[in-house]
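**Student:** Before I ask anything, let me first share the structure, which is written out below as structure tokens.
Read the figures in this text as sums done on the coordinates, not as results from a lab. For clarity, every value in this text was computed on a predicted model and none was experimentally measured. Counting neighbours? That spans all protein chains shown, and the Cβs are built from the backbone with ideal geometry, glycine included.
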Amino acid sequence: MNAPARQGIPLRPDPGALLSSQRRSFIRAATAVALASRDRQRPDAILAKAWPDDATAPRMLKGATSPTTSGGGYPQVQTIAVLPMLAPSSASARLLELASSVDLAGVSSVAVPYIGASGRPVVPFVEEGKPMPVVDMTISGIRVGPVKKLLIGSALTNELQNASNDTASTIIGGALATSAEQSMDALLLSAAAATAAAPAGILEGVAAIPSAGTSGAEGIANDLALLAESIASNGIGADEMIVITTPALATKLRCLVSLKFSNEVLSSSSIPAGEVIAVAAGGLVTGYDGGVTIEVSEEPTLHFEDAAPTDISIPGAPAAVAAPTISIWQTDSLAVKVRGWCAWAVHPGAVAYVTGAAW
């Protein structure tokens, strides 16, 4: 009698490895565009020579560069995919990756329904032969959109001019990651109101909760309990809430909590000291429109200001001149710009935050 054939353990795809591979290909495509400007070559020729085994980067290059973004016939690199690629370790990119997503291509905004505490039905028991009660649920909705232009730029010095292809890829990837992390975290994790240029921060209109004031593991438990209670009081499940806080507090939390604590913990240097934010899983909704473009130039003059950039010069008496400014051409540098379109919105009551935490 023949023994049954032994069955191996089926392999499961690793989402983390896939995202890492896609980010590497995207950065290579951006590097090829930059090196093509430096070496006066075609970007696809640089990709074929530098990374011949990367089949994804050429497709991203065709979809992301300016000549093919409108009607070129190539699939675009979607904004929903690029944001996590730019700064995969940043709190904003990871939070947006965990959020629910809607497609805003061709529409101004989308209404996403939700049921708050007042609209949740009571599950009744009914006596045999009696009529079934029909619950009149109160359904509300949040509106996601319209999309806003996300524009991430960075200038690279002449270090790139003498770098190998892999070194240039590392330099460009690091520059874009730093630019994306600083700008996205500062906005998404803030209480800033919506403007014509940007969506509102997730803390807009949310009242701060004072910390319980205790330290150590007890302090962590008490403050997280306050956050969970605040979210649950709005009829929203808090069991899988995402916690975002400062690097120091996030490190303490990871060290002091039980191994059974499975909630996602993110950190950002953009969060003020002592602040801990909780977002209910599914409480954040993002929307994206179209693809991403990569542009490279050796000629502009740039105003190096990330908080309040202005025009290089503003007429007046006397005229105002932006400072500091650097001529990319004069300094033999390279400017890289990545542009996409996105929006987000949060369910009312799905976000809470504590201030003054000192674990």
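**Student:** Counting pairs of alpha carbon atoms under 8 Å apart in space and at least six apart in sequence, what relative contact order in percent does segment 212-325 give?
**Tutor:** Relative contact order of segment 212-325: 20 percent.
**Student:** Order the peptides 333-345, 203-215 from the highest to the lowest mean number of other Cβ atoms within 10 Å of their residues.
**Tutor:** Packing proxy ranking, top to bottom: 333-345, 203-215.
**Student:** Neighbouring Cβ atoms within 10 Å as the yardstick, rank 185, 39 fewest first.
**Tutor:** 39, 185
**Student:** Taking the Cβ-Cβ separation of residue 261 and residue 103 as r and a Förster radius of 45 Å, what is the calculated FRET efficiency to the nearest 0.05?
**Tutor:** Efficiency computed from Cβ-Cβ geometry: 0.85.
**Student:** Which number do you get for Rg(Cα) / (2.2 N^0.38 Å) in segment 126-267?
**Tutor:** 1.57
**Student:** Mind checking which lysines have their C-alpha under 25 Å from residue 148, skipping anything on the same chain fewer than 8 residues away?
**Tutor:** 62, 337
**Student:** Got a sec? How would 304, 261 order by Cβ neighbour count within 10 Å, fewest to most?
**Tutor:** Going from least to most buried by this count: 304, 261.
**Student:** Right, next: Can you tell me the FRET efficiency between residue 196 and residue 112 if r is taken as the Cβ-Cβ distance and R0 is 22 Å, rounded to the nearest 0.05?
**Tutor:** It comes out at approximately 0.50.
**Student:** Using θ = phi - 60° and the Karplus curve 6.51 cos²θ - 1.76 cosθ + 1.60, what whole-Hz ³J(HN,Hα) does each residue of segment 107-113 get, with Gly and Pro shown as x?
**Tutor:** For segment 107-113, the Karplus curve yields 10, 7, 7, 10, 8, 10, x Hz.
**Student:** List the lysines whose Cα sits under 18 Å from the Cα of residue 260, skipping any in the same chain fewer than 8 residues away.
**Tutor:** The reachable lysines, counting only those whose Cα sits under 18 Å from residue 260, are 252.
**Student:** Using a 10 Å cut-off around each Cβ, can you sort 303, 347 from fewest to most neighbouring Cβ atoms?
**Tutor:** So the residues, fewest neighbours to most, are 303, 347.
**Student:** Over segment 221-269, what relative contact order in percent results from Cα pairs under 8 Å that are six or more residues apart?
**Tutor:** 38
**Student:** If you don't mind, another one. What is the gain in length, in nm to one decimal, between residue 314 and residue 134 on full extension, counting 0.36 nm per residue of separation less the C-alpha to C-alpha distance?
**Tutor:** Gain on extension, residue 314 to residue 134, equals 58.4 nm.
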